[in-house]
């Protein structure tokens, strides 16, 4: 019993240190890139928001349909969110970054779009992103986003 208690006491500082260790640099860079994209969205700047995606015809978007390509994504966003009211305010929560190797990582999380009723009402959902580390930084190459059904008006 004494040995078990001693082992626990000896390991306690290691567990505390592991819990307070800073996140890996790629995690910090990816979260920063996503926060910058939300900031751009909240300024009403879809072009700057889109810069978080790799500018390539090979990127993939999955929601109700499957779409390919940066240009198509940008056109779709501009058509779906033509005004600041329609864009609302975007925030991300529960971000979980999982590096796959030095070049790719996945991120899961929730999004919340706060909008007036005239702007389309609030929207919530979750996503799975695949990011690639490029010379321009971490860029989204796959975006699987699922919007939750709208809640009843309160």
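Just so it is clear, none of the values below were taken in a lab; they were calculated from the coordinates. Every value quoted in this text rests on a predicted model; they were computed, and no experiment measured them. Glycine gets a Cβ as well: all are built from the backbone with ideal geometry, and neighbour counts include every protein chain shown.
A few points about this structure:
- Mean Cβ neighbour count within 10 Å, used as a protection proxy, ranking 48-56, 97-105 highest first: 48-56, 97-105
- Over segment 21-147, Cα pairs under 8 Å with separation of 6+ residues give a relative contact order of 23 percent.
- Using a simple spin-label model with pseudo-atoms 7 Å out from Cα toward Cβ, residue 67 and residue 104 lie 2.3 nm apart.
- Taken over the Cα atoms of segment 40-119, the convex hull encloses 114 Å³ per residue.
- On Cα atoms only, tilt of 25-42 relative to the major axis of the chain in degrees: 30
- Segments 79-92, 29-42 sorted - mean Cβ within 10 Å per residue, highest first: 29-42, 79-92
- Take the Cα of residue 148, step 7 Å toward its Cβ, do the same at residue 39, and the gap between the two points is 2.7 nm.
- Extension gain from residue 124 to residue 55, taking 0.36 nm per residue of separation minus the Cα-Cα distance: 22.2 nm
- Considering only alpha-carbon pairs that sit under 8 angstrom and 6 or more positions apart, the relative contact order computed for segment 102-152 is 34 percent.
- Tail beyond 28 Å, pair distance distribution of the chain (Cα, percent): 31
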